[in-house]
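Down below is the structure, laid out as structure tokens.
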Amino acid sequence: MRDKKITPYRSIRSFGCAGLLKEDAYIFYHQMFNSLHLGMVTDLIMARVRSAGLDELSLRAISVIGFFEAYRDAIETQNLSGELIPHLKEPITLECGIDDEKIALIVRFQSPRLMKEATAASVKMNIEASRPETHFGVFIKSLELFSDQLIIKKHPESYSIEIASVVALDYPAESEGAKPFEENYSYLEIIGNLEETPRAKNIQELGDLDYTAMLTANREHKISSDAIADEGNMRVSGGDKITDDVSKVRAWNEEDKAGWGVGGGSGENDGNGLGADAEKALAVLHEKLEKAQAEIKELKKQKGMGKGGGLFGALKKSFSKEEEPVDPNRVGKVQLREIEKIVQEEHNEARKDNPLVSPDDLMDALEEIVRSIQIKSFYEVTKKNFELSEQYDEKIDSAGLRGWLNGFIRDLMKARFEMIDLTLDFQKKMKDGGSVSKSADKSLRDEIKKKDEVIRHKSNAITNLKEQIAQLNLNSERLKSQNLSAMSDAQFKSKYQQACKQISAAKDDVSKMRKRIDELTGQLAQAKANANKGDDKLLLRLKEQTVKDKKQIETFRRQAQDAVGQARKFEMQVQPMERQLKDAKDKIQKMSRVVESTKKDTDAGKARTLQLEREIQKLKMELEQSKKKAA
Amino acid sequence: MNFDKRKRSKEEARDLVHIPADEIRPYEVLTAPVYVYLKANQKFIALKGPLDFFDENSIKNILGKNNIFIGPFYEEAQEIKKYAKALREELMQPYVRYNDFNDRPFPDPQITLPTYARSRICLRKATEIWSSDRTIEPFVVMIYIDELCGLIPKSDLIRAYNRDVDQFELALLRSSWAVFLAMHLGYYDLDALTHLRLNAFNWTFDLPNNKVGFSETDRIIKTAMETVKVIDQKTIQDLMFKERDDELSRRLAARFDFRAVEYLGDDQNSWSIYGEKGFLVER
């Protein structure tokens, strides 16, 4: 898979799928705040990209593994572990993009913890290790297994980490400048600003897809051209229809199928039957397989790993060399190498001028099978092999070869499962046998572990202290900046305006009170005049009224005095503010003068450049004229 | 916030809404000017303007002893709040519902709502307050988000108000706009939206624009700050995101287009703080 050619990424130093895909890519994203319905989200992603014909289960595995590691990490970081279904405060972004070469699946999240753990060295170590020890190690190792290339991007300033799994399509478009994947993984630590993500043709939230129709359609989904066409007509944003990408995928399939030259293009072979050399080679291969099966049977009888050769000999040898439990991945690799060797040998012997079935293609098929056995469940393997045999049915015209290949795959499958049984038996045996010698080691290991834990605790305490110190420094800086910002002009201005408003309000109140006092004194004078007229009852009332009024006047006077006092206070406060405002205005005027002078300078400069340009043009003209003259 | 008609004549009583004092909650951001009737002057005098708030004491001492009237935009605001409440109820639906089964909670996965469906509901509901011409007023967004996310904590509100009133008002508008943008980007979790709002509110004070971080939520806040620049910004046009050249704006533009086709009708309700029912005269 990793030898497939893809165009170089448009931007590696930016977050998002768009940088890894071509401009005409389609990108789908979704924000997740908890783990519920993740399956439904992956259903939708798969429904959308299924038409590309990739291994759906691998893509699902990438999404699920990626999300759960991010979720687990976020729960720890945000201290949400006490909740039944923890809801994140910062979402985890799932992104899936597809172009005519590849699919990119991205998980982006924030993790202060991984800022320390995810380093170039640790990534390399974990990917190369057969059994990573940390969560992060297992996480990236698993993703690396399912991807053609794993890209880990870390941006320490935002505590963000983005893990992108790139999987090449089965039939990628041939583009100029396309190269095979250089590495199976890539680690990038972005310091400073992130690059702006390049533009993509269509970017869409998963919720905007017509998911009801998609999921219903997928229930009856068949990988056929009709189904692909239907799926391609689903609604997307702005009422557009996605037809281009699907039709492209379909076109690749058809084109590649047509161009797949099994038995074609050769003068000796008519395309319907196998050449005699190839028949011979295949017969030899079949024989080898039978031998291998016989060996397995023998091994089964012996239940040991002492003797044997051929295909499984190497496997047995590798078992006998290693004392630790057998790694199933290693088993697969050894076998693959062995099969490769046999196929190559047989091919070299049998091949003369025109190969009917390219050994590379056959190897690809075998590699696919062995890989599938290594990493997938029985269901996946069967499904994959079924698809593979279907693929070969179409490509291979010869009924004989087709039959042989199906038989070969079936036998190989059988052999593999028998071998897995044997491996498991062997592991069990090894465990039983080694338990006595291991018990002594165990106590030592326990002690070492304890000491390690103590050291880890101490180092954690140190890092905590460092973090606290850093936090304190940050706080002090923030406080400083707050003090500075408090004196900003805008704030000062608003305070000044507020004070002015209060003064004017107080002045209004004082004037109102004066008016009221005048009115009351007028009433008093009138009452006195009436009293002189000798109306006793009225006099009494008026006297009472005057007493009341006097009291009111006194209270008003007091209020007025208070208001005047307040107004003075405000004036006192305002005076220094006014001075500061004046200073600020002076500064602004100075600045504006400077700006004006620089403007003038720039204008003069512009004029000068214009003049110079004209002179240059003149000189050019003169030069041309002189050339013409010379000619 | 600036508003016209700080004093209203007795005759204008018909335009105002009389509300009992207990209907005003302490530290709830006001959606229209609040008036008190002075018998002596025979006039309505504005006590507080929009985007201001009352504390417990002022409610007890001033509002409790007087007849309180509120500007006509109050009714409009109540209508906007109804839409927000509907979305809130939708988002408050449990992710997993339970049936009683042998006296123990038993999950029934058949009636749960997928996350992407929630995201779509958010978009559909948020469209209800956009105008047909794809514009919206920041103040309308503020009312909607205030109802959706609930009150800003008292301590944050007072701290911000005491520091700078203008910045406080701008922070209210920007933080609401940030949450509104997040909703359009597929943020459907109410807790997360509330958290984002508070962050955005505090960042207007604590961080200058150029120092906002790089995470997705940081970039949403930054975009909100860049698109709501001043308190008296009249409207926000969603098409402006097409002109911006950053990943977030591209996503927003795509979502706005989708929404325009799917949900935005020609007969959308539109609310404005300008004009007869508003509190500002269009100049």
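Among the listed pairs A:Lys4/A:Lys154; A:Lys493/B:Lys154; A:Lys512/B:Lys229, those whose Cα-Cα separation exceeds 32 Å are A:Lys512/B:Lys229. The stretch B:1-53 and the stretch B:224-283 have their alpha-carbon centroids 28 Å apart. By the scheme Lys and Arg +1, Asp and Glu -1, what is the net charge of all other residues having a beta-carbon under 14 Å from that of A:Ser122? Value of the local net charge: 0.
On a 19 Å Cα-Cα criterion, which of the cross-link pairs A:Lys124/A:Lys442; B:Lys222/B:Lys242; A:Lys501/A:Lys569; B:Lys5/B:Lys43; A:Lys124/A:Lys466 come out too long? Before the final figure, lay out each step's value.
Working: A:Lys124/A:Lys442 29 Å; B:Lys222/B:Lys242 17 Å; A:Lys501/A:Lys569 14 Å; B:Lys5/B:Lys43 11 Å; A:Lys124/A:Lys466 27 Å.
In this structure, A:Lys124/A:Lys442; A:Lys124/A:Lys466 exceed 19 Å between Cα atoms.
The stretch between A:Phe68 and A:Gln497 holds 148.9 nm of extra length on full extension. This uses 0.36 nm per residue minus the Cα-Cα distance.
Protection proxy ranking for B:184-195, A:173-184, A:452-463, using the average of other Cβ atoms within 10 Å per residue and placing the highest first: B:184-195, A:173-184, A:452-463. Computed from point charges on the beta carbon alone (+1 for Lys and Arg, -1 for Asp and Glu), the dipole magnitude for chain B about its Cα centre is near 560 Debye. Per residue of A:201-212, other chain Cβ atoms within 10 Å of the residue Cβ number 5 on average.
Take B:74-82, A:588-596 and order them by the average number of nearby Cβ atoms within 10 Å per residue, most first; the result is B:74-82, A:588-596.
Using the 10 angstrom Cβ neighbour count as an exposure proxy, how do A:Leu623, B:Leu151, A:Leu88 rank, fewest first?
So the residues, fewest neighbours to most, are A:Leu623, B:Leu151, A:Leu88.
Working from Cα pairs under 8 Å separated by at least six residues, relative contact order for the stretch B:138-283 is 24 percent. In a fully extended conformation the segment linking A:Thr119 and A:Lys466 would gain 123.0 nm over its present Cα-Cα distance, using 0.36 nm per residue. How far is helix B:154-163 tilted off the main Cα axis of chain B, in degrees rounded to 10, range 0 to 90? Computed tilt is about 60 degrees.
What average number of partner chain Cβ atoms lie no more than 10 Å from the Cβ of the residues making up B:255-262? Write down the numbers at each step before the final one.
Values: counts 6, 2, 5, 10, 3, 3, 5, 5.
Neighbouring Cβ atoms belonging to other protein chains average 5 per residue here.
Taken along its three principal axes, the alpha carbon spread of the stretch B:7-71 comes to 30, 21, 16 Å, from the longest extent down to the shortest. I want to verify a result. In a Gaussian network model of chain B, Cα cutoff 10 Å, which of these has the top mean-square fluctuation: B:Ala224, B:Ala160, B:Ala86? Result: B:Ala86 has the largest fluctuation of those listed. Packing-based ranking of A:154-165, A:114-125 yields A:154-165, A:114-125, ordered from highest to lowest mean Cβ neighbour count within 10 Å. The H on the amide N of B:Lys48, modeled in the peptide plane, is under 5 Å from the matching H of B:Val34, each at least 5 residues off or on a different chain.
Provide A:Ile45, A:Ile98 in ascending order of the number of other Cβ atoms located within 10 Å of each residue's Cβ, fewest first. Don't skip to the answer; put the middle values down first.
Values: A:Ile45 25, A:Ile98 28.
By the 10 Å Cβ count, ascending: A:Ile45, A:Ile98.
Across peptide A:151-160, the mean count of Cβ atoms from other chains lying within 10 Å of each residue's own Cβ comes to 2.
Among B:Met183, B:Met92, a tally of other beta-carbon atoms within 10 Å of each Cβ gives an order, fewest to most, of B:Met92, B:Met183.
The simple spin-label model puts a point 7 Å past each Cα toward its Cβ; for A:Thr134 and B:Asp245 those points are separated by 3.9 nm. Maximal additional length on extending the A:Ser597-A:Gln566 stretch stands at 6.6 nm, based on 0.36 nm per residue less the C-alpha distance.
Our compactness index for the stretch A:524-631, the C-alpha radius of gyration over the empirical 2.2 N^0.38 Å, is 3.18.
Read the figures in this text as sums done on the coordinates, not as results from a lab. These figures come from a predicted structure and were not determined experimentally. Note that we place each Cβ from the backbone using ideal geometry, even for glycine, and neighbour counts take in every protein chain shown.
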